[in-house]
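Here the structure comes first, spelled out in structure tokens, and everything after it is commentary.
Nothing in this text is a laboratory measurement; each read-out follows from the coordinates by a stated rule. Note that the coordinates shown come from a computational prediction; the quantities given were computed from them, not determined experimentally. Because the Cβ atoms are built from the backbone with ideal geometry, glycine has one as well, and the counts that use them run over all protein chains shown.
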Amino acid sequence: MLLSRRMFLARVGTTTVAASALAAMPGLLGRRFDAAYAQGVDLIAQTYAGLAAFWWPGDDDYSVAQGEVANGPGAVAANAGVHLAAALDQFVPAPDDLGSNDDTLPLSQVVAGSLNTTASTVNPAALAGTFQSPYANLAYADKAEVWRVLEEDTQNLDSSGFPEPLANATGVLQFVFGVLPGFVQFFGFVEIDVFDPSTRKLTSRPVGWDHAQYAVGMGTTLPEGWDEFLGYYQDRRAVNGSDGTGEAFA
Amino acid sequence: MRDVIVMGAGGGGAVIAKELAERGLDVLVLEAGPRHADPEQEWRHFENEANNILTGYFRWGPADRTKPAWLRETPQNSMMWQLSGVGGTTQHYYGNSPRALPGTFMGYDGADKDAYDVDHVFPFAYEDLIPYYEWVEHTLPVQTAAMGTKEERFFRGADGMGLSVNTSKDVSGDSFRPQENAILQPGGNAGRTTDADKLVYPKATGCTFCGYCFQGCMQPLEAPRNLKAKRSTDNSYIPMALTADCWGRGGQAVQLLTDAFVTNLGTTTEGSDTVARTVTWRVGATGEEVTEEAQVVVMAGGCTETPRLWLNSGLPNDNDWVGRGYTDHFFDWVIGEFDEYTGSSKGVGSSARVDFPGRGGLENVGLPPGLQGFSNGFSDGGIAGFYDNLHPHAAAGADTHGRLAGNEFAAMASNVDNLLNVLVITDDDVEAQNRVTLSQAYPADEHGPIPKVTFRHRQRSARTHANREFLAGKAAELLRAAGAIRVHRIDWPPLILHVQSTMRMGLSADNSVCDESGETRAVKRLFIGDNSVLANGLGGPNPTLTTQAVATRTAEKIFQRYFDGDPWVVGGDPLSSIDGVVTKAVLETGRCAAGPPPKGGPGGSLGPGELPTTGATSLPLTVGVAALAAHEIIRVRTRTAQD
């Protein structure tokens, strides 16, 4: 059954839908909103830290606040949320009529707005808490519920009746909230936070490498090969086609 | 006028370019992305540096990494994982080179003939393609994969399921086998040490088991470019194409231009035919537009960019099948946790597979930790233990369904070398609803309206869904038989990586773009040379080898039809890309390495901002020029030339 527009907007919030759609449709933007972005830096940073803690908890304050903690560093220590926000701000190139085509639109604040708006509907008490970000104030299960609303309920939104380009709102929401978890868990386990672009070397060993027990004993470098060769299955090094001609040119 | 212009230096375009250059034709290859001339200096083993889709050196974007990546609209939970640059997405592939399933070809009469997508078969017989497979398998070359621990575990599981071993290159029943891979088998110290000093060519040859197949292949270090282990086209066909004048066979080296994004394909009229004539590209570094004429044009920009260029060029689309019929093998991902070592982060990305004819297949995939994390978080099945994203009862024999979060994820990710991943590769149907169009929501970029890639994955055919569920269940069964203590089905949304059939060849003109030769029905002298020309998803096998076999066949058709040449494959004598004469040419000419290349003429390799010295005409760049405007310019120019 399709969720009615009214029910959907009440659940997710008109702001969320409109903002997400707008962010993904830069043709509608008459101006950039850098000033608003700057004012919301703490709120945005906390939102992404709360997001990182959900997908890979550690012993940090955000994990403690959500009630799902783990020994040692997690995604917050790896700054996975910071790098996710940066990636979102690199995702949508600005249209030419808004300036240089080499600019990109600040999508991270829109996504953070979606998370915080939805968090306040899932549990209004999250508006008051340790952090400015309602999402970061949620308990672990409530954070999962935010994701369910954004990902599952949006499947039932029939936005096709909206005028273009809002007819695309469902697809934008599905795409954004579908792929974000994968990127958080990617950034948590790669070298991005300790990579020095000037030397193209690492300043320390990534948090995720130690957690995953990856390249143990290799420090901040990675090997050119491993002593992992076990031979050939059933000692077979070559096969032919079924007509016996696979090695015709050998 | 050039003999042939090939647009795209990826898995298919490089093949056609090399084959026609070897026959002595004057071939220009245009590549939108970077050259990657010196991997040992340009690349690193770090995952984000390589594969951040927005900033990595392997991204769909310009060579200048300070500029943003090129955007595609994907209006659903999904991700396109492709890249620009010489080699194309063969930079990402694991060299897996299985042949297609015979049941996906015309005239197949096996007992299981009804198990396939019978409405969209190849317009020729499987047996007709065998000589072209053999030609490519020798040229790359394709070899039986070596085994590491993760393969040993996978084979243990497949054997435990009661499956038989396939000892042929062809598939005729449910079975497992080592992959046939376009990866050189390890020699010398390769695979036997982590000591970097011992892993330098020629102390080591072939695959060193480094585990970074998804990040391009530069192993062994110091090896000539054509002797790197993985046979991505930057290491195989492109070195041959650039040295085709050196082997004593009457060849002519291709000219390769990188940072050259094709924005328009112009046509003229010959009798009652519309005929391809001009190619216009934009030089990324300067913004300048350049146009050349050619007798034959080959589109090889991939399943998304080829239909985009067609539509942006205003070419005919009377049956509305340009861009339709996108197949992607509707992947899924199943992770097994073990209480023993699997070596998942080491060795070739995938060296073992199971084939289920009429259903698809499974293959093992080893990953470094970042991609392992991504492969868990990328899901259409909700969060395990919380919600299923309206996909109920989908565990398919696994312990969990959907992404892992919180401590469950932390536990799974706590030892990457105790995991075994199985990729589900579905035999998916060609469906008109899955398609490439031009985006209406996003503004055009500097190359024209951007592509919109739509996959209605929840509404795919019953056969496609049934195949996927069957295979996900088999993956869980295999992992348990291999010894997994816990199994997780992630339930991926479309990961648009194996891509096929958006400009498909077919038996019927009603639902295809190309005839059996790969020439487009609507525009003569225009051929499709990439995965998009494949008639279907091959029944599940990885597409690159079949694309390359079809591309070889297409090159023959071009040579016969438009250059009065003779076919060369049947009864011919292919030269391997690792043959000593190729190595000698690569080393002596320096055309495949960094540093000053020969400029301008054949064998040259021009980079950002450089223009060819022959044949090209510069056009003034109009600010904000759109493809349609460029299209009009070209049409005017073409008419003027004829007048």
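Taking neighbour counts of Cβ atoms within 10 Å as a proxy for exposure, in what order, fewest first, do A:VAL239, B:VAL279 appear?
A:VAL239, B:VAL279
Go through B:LYS67/B:LYS584; B:LYS18/B:LYS198; B:LYS169/B:LYS474 and tell me which ones have a Cα-Cα distance over 31 Å in this structure.
Exceeds cut-off: B:LYS67/B:LYS584; B:LYS18/B:LYS198.
Please compute the contact order of chain B in relative form: average sequence separation of alpha-carbon pairs under 8 Å and at least six residues apart, divided by the residue count, as a percent. Could you put the intermediate results ahead of the total?
Details: 1676 pairs, mean separation 148.2, N = 643.
Relative contact order, chain B: 23 percent.
Using the number of other C-beta atoms within 10 angstrom as an exposure proxy, rank B:SER576, A:SER160, B:SER344, B:SER512 with the fewest first.
A:SER160, B:SER576, B:SER512, B:SER344
Can you work out the base-10 log of I(q)/I(0) for the range B:134-222 at q = 0.23, 0.26 1/Å, using the Debye formula on its C-alpha atoms alone?
Once normalised to I(0) and log-transformed, intensities are -1.15, -1.27.
Apply 1/(1 + (r/R0)^6) to the Cβ-Cβ distance of A:ASN71 and A:ALA139, taking R0 = 25 Å, and write down the FRET efficiency to the nearest 0.05.
Numbers: r = 20 Å, r/R0 = 0.80.
Efficiency, from the Cβ-Cβ distance: 0.80.
Leaving out same-chain residues fewer than 8 places away, which aspartates and glutamates sit with a Cα under 12 Å from that of B:LYS203?
Of all the aspartates and glutamates, those that pass the test against B:LYS203 - Cα under 12 Å, at least 8 places apart if same chain - are B:ASP195, B:GLU222.
At a Förster distance of 41 Å, what's the computed FRET efficiency of A:ARG237 paired with A:ALA128, Cβ-Cβ distance as r, to 0.05?
Efficiency at R0 = 41 Å is approximately 0.05.
I'd like the distance between the alpha-carbon centres of the range B:369-388 and the range B:1-68, rounded to an integer number of Å.
About 32 Å separates the Cα centre of the range B:369-388 from the one of the range B:1-68.
Dipole size in debye (nearest 20) for the range B:544-593 around its Cα centre, Lys and Arg Cβ +1, Asp and Glu Cβ -1?
200
Taking neighbour counts of Cβ atoms within 10 Å as a proxy for exposure, in what order, fewest first, do B:LEU101, B:LEU495 appear?
Going from least to most buried by this count: B:LEU495, B:LEU101.
Between Rg and the Kirkwood Rh of the range B:78-181, both from Cα atoms, what is the Rg to Rh ratio?
With Rg and the Kirkwood Rh in hand, the quotient comes to 1.00.
Could you compute Rg(Cα) / (2.2 N^0.38 Å) for chain B, with N its residue count?
Working it through for chain B, the quotient is 0.91.
Averaged across orientations, what area in nm² does the convex hull of the alpha carbons in the protein assembly as shown project?
33.3
Given the rule -39500 (n - 2.57) for each run of at least 4 DSSP H residues, summed and divided by the residues of chain B, what is its mean residue ellipticity at 222 nm, to the nearest 500 deg cm²/dmol?
-7000 deg cm²/dmol
Helix B:580-589 versus the longest principal axis of chain B: what is the Cα-based angle in degrees, 0 to 90, to the nearest 10?
Taking the Cα atoms of chain B, the angle to B:580-589 is about 60 degrees.
Give me the dipole magnitude in Debye, nearest 20, for the range B:368-508 about the Cα centre, with unit charges on the beta carbon: positive for Lys and Arg, negative for Asp and Glu. Display every interim value, and only then the final one.
On the way: 13 positive and 14 negative charges, 52 e Å.
Charge dipole of the range B:368-508: 260 debye, to the nearest 20.
Taking the Cα centroid of the range B:432-482 and of the range B:276-316, what is the distance between the two, rounded to the nearest whole Å?
So the two Cα centres are separated by 26 Å.
Taking 8 Å as the Cα distance limit and 6 or more residues as the minimum spacing, I'd like the relative contact order of the range B:463-519 as a percentage.
Numbers: 26 pairs, mean separation 9.2, N = 57.
Taking the mean separation of contacting Cα pairs over the length of the range B:463-519, I get 16 percent.
What does the extension gain come out to for B:TYR341 and B:THR269, with contour length at 0.36 nm per residue minus their alpha carbon separation? If you can, show how the numbers build up before the last one.
Values: separation 72, 0.36 × 72 = 25.92 nm, distance 6.45 nm.
Extra length available between B:TYR341 and B:THR269 comes to 19.5 nm.
Distance from the Cα centre of the range A:186-208 to that of the range B:71-111, in angstrom?
31
As an exercise, use a Förster radius of 25 Å and the Cβ-Cβ distance of B:GLN41 and B:THR286 to find the FRET efficiency, rounded to the nearest 0.05.
Efficiency computed from Cβ-Cβ geometry: 0.55.
Rounded to the nearest 10 degrees, what's the angle between the helix B:302-312 long axis and the longest principal axis of chain B, both from Cα atoms, 0 to 90?
Value to nearest ten degrees: 40.
Given 0.36 nm per residue, what is the gain on full extension from A:VAL64 to A:PHE162 after removing their alpha carbon distance, in nm?
31.1 nm
How far apart, in nanometres, would the label points at B:LYS67 and A:ASP227 be if each is projected 7 angstrom from Cα along the Cα-to-Cβ direction?
My value for the distance between the label points is 4.8 nm.
If I model a spin label as a point 7 Å beyond the Cα along the Cα-Cβ vector, how far apart are those points for B:ASP318 and B:LEU390 in nm?
4.0
Along the positive direction of the dipole of the protein assembly as shown (beta-carbon charges: Lys, Arg +1; Asp, Glu -1; about the Cα centre), which of A:LEU157, B:GLY343, B:LEU20 reaches farthest?
After comparing all options, I get A:LEU157.
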